[in-house]
Amino acid sequence: MRADDRRGPVSRRIATFDDLRDAITAYRLPRVLIAALELNLFTAIGTDSWTIPDLARDVKVSERGLAILCRNLAMAGVLKKTGETYRNSRLGATALNAHHPAFRGDYLQLITSHWADWGRLLESVKSGLPLDHDEPDEPDYRRRFTWAMHHRTLETAPKIAAQINLRGARTLLDLGGGPGTYAMAFLAKNPTLRATVCDRPAALDVAKEIASTHKAGARLAYLPLDVMTEDIPGTYNVIWYSNVLHIYSPKDNQALFRHALAALNPGGRLLIQDAFLHDRNGLFPEEASLFAVSMLLFTERGNTYSAAETRAWLMDAGFERIRVLRMKRGTEDWEDGILEARSPGTNAETRARRTGSVKSSRFRSLHLRGTGR
Ligand SMILES: C[S@@+](CC[C@H](N)C(=O)[O-])C[C@H]1O[C@@H](n2cnc3c(N)ncnc32)[C@H](O)[C@@H]1O
């Protein structure tokens with residue numbers, strides 16, 4: 001299979017008119033789900049079973065409208081239908097239910113609000129500019145967005161942390177770390193590690209609230225900083241740069257890489273997690289191409305980038321030994337791996353590597369696989 005033939009889960013390649021119709025009308029189920037969330041339907045259903053007339057009275061909508069909505073929600077699996085009654089699925093009763101501790105309200109709010117924004121896509125296509133409503137530095141917006149990021153990654157972060165070997169690392173900087181969900185996962189996995197989460201002040205307030213509920217939170221420090229305009233104080237063994245690359249332009253990221261290199265100890269590692277494009281034409285994974293549309297709608301200069309171009313920026317900045325770290329399928333934040341780059345080691349280490357006296361077959365095989373992308 002050629003890399004360009006890879007398919008994402010969202011849609012098929014469109015060749016016929018029927019394919020096109022199916023792709024366009026795929027908006028129907030998302031709209032049904034969003035209507036249910038706008039109605040707080042999963043919260044209203046809670047742990048009970050409901051007939052349509054009772055539920056319609058409770059949520060104050062028409063019986064006809066609710067019957068058709070609920071039938072579709074049951075068809076999709078988020079509600080369960082038995083005879084004439086409906087109840088929540090496990091997902092509906094937990095993550096979608098505002099009365100449950102696992103409710104992911106801020107993230108649901110963020111992604112459902114995108115429905116209206118995507119409806120204005122042509123405005124951004126014409127202007128090349130984001131829609132007008134997001135204020136990245138406005139504290140209320142930042143707070144809600146930061147909780148949304150926590151809800152987005154709270155299950156993924158421990159799985160990623162379990163697969164990244166930080167043995168020997170004493171310090172980690174979570175750059176643009178938002179809620180610090182990843183920093184907390186690395187701390188929980190590595191009992192002697194100390195981490196610093198660096199972000200805007202309103203994001204750090206959320207990170208502090210989350211860390212205060214974890215034992216490992218005592219090993220987390222906070223660094224308010226504009227990472228694009230200010231130097232990074234201190235030096236670290238590892239810098240974790242997750243989901244920030246796509247917010248900025250190639251030039252911004254190249255400058256950031258130079259700052260990051262200056263903040264790494266010799267031989268230290270920069271780990272970049274993002275929606276990398278991996279095929280020669282820069283089209284796939286599908287999710288990475290579609291995510292660029294969000295960057296058009298919500299950022300001034302953001303985009304998604306190929307692993308190959310990011311690797312070139314890293315080398316220009318002075319990083320060495322760049323490779324792709326593969327995560328197990330189904331555990332990833334984004335498909336196809338995390339980029340790792342090293343700051344040049346001490347002279348002795350670099351000499352030893354060049355003369356071949358430091359060898360790691362695992363490193364070398366991963367490195368070779370990584371360079372094909
Ligand atoms: C999409 S979130 C990612 C959060 C977290 N790293 C993750 O992977 O879930 C991007 C984060 O980068 C932060 N960020 C973006 N630009 C920044 C800047 N110039 N200075 C400090 N933080 C910034 C945002 O405030 C936000 O918390």
Query raised in the report: In whole percent, what relative contact order does the chain give with Cα contacts below 8 Å and a gap of six or more residues?
Result: 13
Report summary line: SER113 and ASP48 label points (each 7 Å along its Cα→Cβ direction) are spaced in nm at 3.1
Report summary line: Ranking LEU187, PRO250, HIS151 by how far each Cα lies towards the positive end of the charge dipole of the range 139-371 (+1 on Lys and Arg Cβ, -1 on Asp and Glu Cβ), the top one is LEU187
Query raised in the report: What FRET efficiency do you get for ASN165 and ARG329 if R0 is 22 Å and r is their Cβ-Cβ distance, rounded to the nearest 0.05?
Result: 0.70
Report summary line: What one gets for the chain as the Kirkwood radius, inverse of mean 1/r over different Cα pairs in Å, is 22.8
Query raised in the report: When only DSSP loop residues count, what trypsin sites (Lys or Arg not before Pro) in the range 36-95 have their Cβ near at most 15 other Cβ atoms within 10 Å?
Result: LYS60
Requested in this report: List every residue whose amide H lies under 5 Å from the amide H of ILE239, counting only residues 5 or more places away in sequence or on a different chain, with H placed 1.01 Å from N in the peptide plane.
Outcome: LEU173, ARG269, LEU270, LEU271
Report summary line: In a Gaussian network model of the chain with springs linking alpha carbons closer than 10 Å, the residue among PRO158, PRO224, PRO191 that fluctuates most is PRO191
**Report entry** Within straight-line cross-link reach of LYS159, aspartates and glutamates at Cα separation under 18 Å, skipping those fewer than 8 residues along the same chain
**Finding:** ASP174, ASP274, GLU332, ASP333, GLU335, ASP336, GLU340
Query raised in the report: Rounded to the nearest 0.05, what FRET efficiency is calculated for GLU84 and ALA218 with R0 set to 45 Å and r the Cβ-Cβ distance?
Result: 0.25
Query raised in the report: Suppose every K and R has +1 on its Cβ and every D and E has -1 on its Cβ; what is the size of the dipole of the chain about the Cα centre, in Debye to the nearest 20?
Result: 1900
Requested in this report: Tell me what the chain gives for mean residue ellipticity at 222 nm when only DSSP H runs of n ≥ 4 count, each as -39,500 (n - 2.57), the sum divided by the residue total, rounded to 500 deg cm²/dmol.
Outcome: -13500 deg cm²/dmol
Report summary line: Mean-square fluctuation maximum in Gaussian network of the chain, Cα pairs under 10 Å, restricted to SER294, SER306, SER113, hits SER113
Report task. Loop sites only, by DSSP: take the GluC sites (Glu not before Pro) in the chain that have at most 16 other C-beta atoms within 10 Å and name the longest stretch containing none of them. Result -> 1-83
**Report entry** Mean Cα-pair separation over length for the range 37-147, i.e. relative contact order, pairs under 8 Å, 6 or more apart, %
**Finding:** 22
Report task. Using label points projected 7 Å from each Cα along Cα→Cβ, tell me how many nm separate VAL59 and LEU131, to one decimal. Result -> 2.3
Query - Within a Gaussian network of the chain (alpha carbon springs, distance under 10 Å), most fluctuating of HIS278, HIS150, HIS114 - result: HIS114
Report task. Would you mind working out the magnitude of the charge dipole of the range 152-285 relative to its Cα centre, with +1 at each Lys and Arg C-beta and -1 at each Asp and Glu C-beta, to the nearest 20 Debye? Result -> 540
Report summary line: Here the FRET efficiency for GLU209 versus ASP231, based on Cβ atoms and R0 = 25 Å and rounded to 0.05, is 0.35
Query - Dipole of the range 202-320 [Lys/Arg +1, Asp/Glu -1 at C-beta], most positive-end residue of SER289, THR229, LEU264 - result: LEU264
Query raised in the report: Cα centroid distance between the range 128-202 and the range 281-315, in Å?
Result: 20
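No lab work stands behind these numbers, since they all come straight from the coordinates. These numbers come from a predicted model, not from an experiment. Note that each Cβ is placed from the backbone with ideal geometry, even for glycine, and that neighbours are counted across all protein chains shown.
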